[in-house]
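Encoded as structure tokens, the structure appears first; notes follow it.
The values are calculated or read from the model by the stated rules, or taken from the named source; none is laboratory data. What you see is a predicted model, and the numbers here were worked out from it, not measured in a lab. With ideal geometry, Cβ positions are generated from the backbone for all residues, glycine too; neighbour counts draw on all protein chains shown.
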Amino acid sequence: MQRRSRLTGSPRFSQIHQDGTSAANRLLVIRFLANDLEYSRFGFLVSKRIGNAAVRNKVKRRLREAVRSNSIKGGWDALFIARRGTESASYHDLRQAITNLLRRGSLVDI
């Protein structure tokens, strides 16, 4: 994932939490909010409940790759929040979960 597509910074995360729209499935929650850019940005939250640092980083790497493999519309900030179970889910399951959430939020170019 390109650096400009990464969403960092607590103020924007808080704004997405307060004003954003959400959708969820058994593995992930997505919260998204429109931005004024021509590209989309993504952030990933993986709690310590998921596992130790190595496990959390593995989950984040898989999530970033799954998002990168989709064709995303521009102009959105999206925050993916991992639920329990993501640490033991396969990459294929995570990719399906992300694709499902992106479609439900109408963030995917079909």
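Quick notes on this structure:
- Of Ser10, Ser14, Ser5, Ser22, all but one fail to be free of Cβ contacts under 8 Å to residues at least 12 places away in the same chain and either touching a Leu at 6+ places or on another chain (Cβ under 6 Å) or surrounded by 14 or more Cβ atoms within 10 Å (Cβ to Cβ) (or both); the exception is Ser22.
- Residues of the stretch 1-48 that are in a loop (DSSP other than H, G, I, E, B) and basic (Lys, Arg): Arg26, Lys48.
- Among the residues making up the stretch 49-91, a single one is in contact (Cβ under 8 Å) with a residue 40 or more places away in the chain, part of a helix (DSSP H, G or I) and among the hydrophobic types (A, V, I, L, M, F, W, C): Val67.
- Residue match in the stretch 45-64 (condition: at pLDDT 90 or above, in contact with an Asp or Glu (Cβ under 8 Å, 6 or more places away or on another chain) and small (Gly, Ala, Ser)): yes
- Identity of the residue in the stretch 9-38, of a type outside the set (A, V, I, L, M, F, W, C) and touching a Phe, Trp or Tyr at 6+ places or on another chain (Cβ under 9 Å), that ends up farthest from Gly85 (Cα to Cα): Asn35
- Once the stretch 61-82 is narrowed to residues that are small (Gly, Ala, Ser) and within 16 Å of Gln15 (Cβ to Cβ), the residue that is nearest to the chain's Cα centre (by Cα) is Ala78.
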